[in-house]
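The structure under discussion appears below in the form of C-alpha cells.
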Amino acid sequence: MGTNNYQINDYSAALDRKYGAPGTPERAKFDEEAYAFYTSQILLEARKEAKMTQSELAKRVGTNKSYISKIEHGLIEPGVGLFLRIIDALGLKFDIVKPVM
C-alpha cells in the first residue's frame, strides 16, 4: 500500500493500486475476503466476551470446534442457518431492515 512514513493518506487509492478498482474481479475478491475476516473478528470477540470456548460454542450450535476455528480465522463463511445459530448462542442480534428512501 502507498504510505508516507507508514501512514496511509488515501485508503481508496491504496486499495485501488493493490487490488484494482471497485467492480473488478480482483477488488470483489478482496472485498469478500475482507468482509469474511471482519465478520469473523466480531464473532471471535463476542465468543471471548461470553467466556465461551470454541468447543462450547460448537456444541451449542451443532458443529465441531474445527469448523468454529475456521470461521473465526476467516477461512470459511458459515451458511445463513449456522450463522444465525452462532449469533443467537453468543447473545448477538441480527436485524434485516429496508432502507428508508
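Since every read-out is calculated from the coordinates, none of them should be taken as a lab result. The structure displayed is predicted, hence computed values, not measured ones. Note that we place each Cβ from the backbone using ideal geometry, even for glycine, and neighbour counts take in every protein chain shown.
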Restricting to DSSP loop positions (anything but H, G, I, E, B) with no more than 13 other Cβ atoms inside 10 Å of their own Cβ, which trypsin sites (Lys or Arg not before Pro) remain in the chain?
51, 93
D_trans [Stokes-Einstein, Kirkwood Rh over alpha-carbon pairs] for the chain, 20 °C, 1.002 mPa s, µm² s⁻¹:
136 µm²/s
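Using Cβ counts within 10 Å as a stand-in for footprinting exposure, how do 80, 61 rank, fewest first?
With the sparsest Cβ surroundings first, the list reads 80, 61.
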When 52, 101 are ordered from fewest to most other Cβ atoms inside 10 Å of their Cβ, what list results?
101, 52
At a 10 Å Cβ-Cβ cut-off, how would you order 38, 19, fewest neighbours first?
38, 19
Give me the net charge of residue 60's neighbourhood, meaning all other residues with Cβ under 14 Å from the Cβ of residue 60; Lys, Arg count +1, Asp, Glu -1.
+3
